[in-house]
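Contents: one structure, followed by commentary.
What follows draws every value from the coordinates through simple rules; no lab data is involved. These figures come from a predicted structure and were not determined experimentally. Every residue, glycine among them, receives a Cβ derived from its backbone with ideal geometry; neighbour counts consider all protein chains shown.
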Amino acid sequence: MMFRRALVAFLLLPILARAETANVAVAANFTEPAKEIAAAFQSKTGDVVVLSFGASGNFASQISQGAPFDVLLSADEIRPKQLIATRFAVAGSSFTYAVGKLVLWSHSAGLITGADTLKAGAFNKLAIAKPEAAPYGVAAIEALKALQLYDALEPKLVQGASIAQAFQFINTGNAELGFVALSQVINNPEGSRWLVPQSLYTPIRQDAVLLSKGAGNAAAKAFLNFLKGPESRRIIEKYGYAISSGVSNQGA
């Protein structure tokens, strides 16, 4: 038995020696699918993926100040482009890994019946993500303006630092309802929801990019390639995201 364990350990040494770590900054809306994708990647390659979750705008600021991330999975396409332009990310490495969907959600069953719920205004607080930091917050404001309700509802808005905090405001009852990502509630049978028509807001194209600090990291590059593959795409679609037709057309 001791010999067998020693033999297994010996055979694993080359794999462990080759294993690398990639530090990935992930937009908060993509928390659950990112966890599944990272686990599948680690199982397949042996490389380690360390995930950090937060608002895309905050991550972009941290990266420009030297934060040690190798990859950014942003909730928009703007910040990866800005990071490339300022040489904090690798030119030609960005691609759209998912297209997000906006949902009006309440923890209370029956509260939300569609846009009419917003028009009635029979609530005290409406949660959104801070638009300066989170693209889902921008989309929420676009939707309210498209419905011509922004001016009337602006006094009722409460802003979370990220889409995750906006969700917490609603989930804990600090806001009766709010705008969140479909991925956050797709597997939650509780409450009520309205899938906001995509004609009411600019498509939320979520881009991934290889950061300059990860340019020499084989695990980071491999993770981005894995993100484009069929296993990752199945996970992404399972959480309600659309897949861009151009997701596999650019290199990482």
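Where Rh denotes the Kirkwood radius from the mean inverse Cα pair distance, what is Rg over Rh for segment 100-200?
Details: Rg = 11.7 Å, Rh = 12.9 Å.
Ratio of gyration radius to Kirkwood radius for segment 100-200: 0.91.
Using label points projected 7 Å from each Cα along Cα→Cβ, tell me how many nm separate GLN62 and ALA146, to one decimal.
3.1
By count of other Cβ within 10 Å, fewest leading, how are PHE179, PHE41 ordered? Intermediate values should be presented prior to the final figure.
Working: PHE179 28, PHE41 23.
So the ranking, lowest neighbour count to highest, is PHE41, PHE179.
Could you state the per residue volume, in Å³, of the convex hull enclosing the Cα atoms of segment 86-132?
150
Please report the Cα spread of the chain along all three principal axes, rounded to whole Å, starting with the longest.
So the three principal-axis extents are 71, 47, 32 Å.
Tell me what the chain gives for mean residue ellipticity at 222 nm when only DSSP H runs of n ≥ 4 count, each as -39,500 (n - 2.57), the sum divided by the residue total, rounded to 500 deg cm²/dmol.
-12000 deg cm²/dmol
Rank the residues ILE235, ILE163, ILE63 as a footprinting-exposure proxy: fewest other Cβ atoms within 10 Å of their Cβ go first.
Working: ILE235 19, ILE163 36, ILE63 23.
So the residues, fewest neighbours to most, are ILE235, ILE63, ILE163.
Which order results if LEU104, LEU200, LEU72 are arranged by neighbouring Cβ count within 10 Å, fewest first?
LEU200, LEU104, LEU72
What is the gain in length, in nm to one decimal, between ALA91 and ASN174 on full extension, counting 0.36 nm per residue of separation less the C-alpha to C-alpha distance?
25.6 nm
Write down the percent of antiparallel bridges among all DSSP beta bridges whose residues are both part of segment 100-200, to the nearest 5.
About 55 percent, rounded to the nearest 5.
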